[in-house]
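The next block holds one structure in the form of structure tokens; read it before the comments.
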Amino acid sequence: MIIGGIYTEYRTSLFCEIDKYAAESYCAIHDTDKSLNIGDITKADEHAVADFNVMFGGSPCQDFSVAGKHGGAAWTCKKCGNTYNPLEAHYSMRDVCPRCGSSEIEKTRSSLLVEWLRFLREKMPRFAMYENVKNIVGIRFKPTFDMFVRELEEYGYNVYWKVLNAKDYGIPQNRERVYCIIIRKDLDNGKFEFPAPIELKHSLADILEDDVEDKYYLDDEKVSSLIYPPHQIMQDANLQS
């Protein structure tokens, strides 16, 4: 890993992944032992894992994404039906419904950012990085993002955030994401700056192969089933006959 232009070695203390195949891929790519996977973060005990100095992550984006359901970080009480944003409650009281006190809460996927905060609050690493879709700082979800930042500041961190595009950093993809760099206040010298854009030297055409085996393509029938509904395919077939 390169930090500030200096190559730094690191060792993975733990990671969270509930998908079997994603976990296998992560272990293969990062040469990491599968025993370090603590699985479902909502069920993991932050007190039981080893301390660590750096924390990386990003909660699922579907409920913040433009293409998602826009559920945000809302929690719903199964007992009284009250819906609330867990970040609006102090972290010492957010696991119970503010209306009826029930602990039977239905949570959105994106509210996993609260679980991420739980681990960071307990371990207080030197610094952390959080990433999510650009829409989390849009008009609809900016109040939630601001509460997220304020809570990190309450823990004792300075937060620097910016929307960055992959195409500005050598990757031929138009992909905007919000990046938060989170530095413990007792270690921060106040001089952090996001890296300047670099020249894009390669396009997607430089990466794609010219000759690809047929087994990697879908045949026309399968493509049609993905593009057109079944009744439309039948109508087209009848017209042709």
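The values are calculated or read from the model by the stated rules, or taken from the named source; none is laboratory data. Note that the structure is a prediction, hence the values are computed from the model and not measured. A quick note on method: Cβ atoms are made from the backbone with ideal geometry, for glycine too, and the neighbour counts reach across all protein chains shown.
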Has the range 140-161 got any residue that is in a strand (DSSP E or B) and closer than 28 Å to residue 203 by Cα? yes
Does at least one position in the range 152-167 carry a residue that is surrounded by fewer than 15 Cβ atoms within 10 Å (Cβ to Cβ) and among the hydrophobic types (A, V, I, L, M, F, W, C)? yes
Which pairs do you get when a residue that is in the same structural domain as residue 164 (by TED's automatic domain parsing) and farther than 23 Å from residue 54 by Cβ, found in the range 123-152, comes within reach of a residue that is part of a helix (DSSP H, G or I) and not hydrophobic (A, V, I, L, M, F, W, C), reach meaning Cβ atoms under 7 angstrom, with the pair 6+ apart or on two chains? 141/135; 147/88
Residue 180 fails exactly one of (1) surrounded by 14 or more Cβ atoms within 10 Å (Cβ to Cβ); (2) under 23 Å from residue 50 (Cα atoms), namely (2)
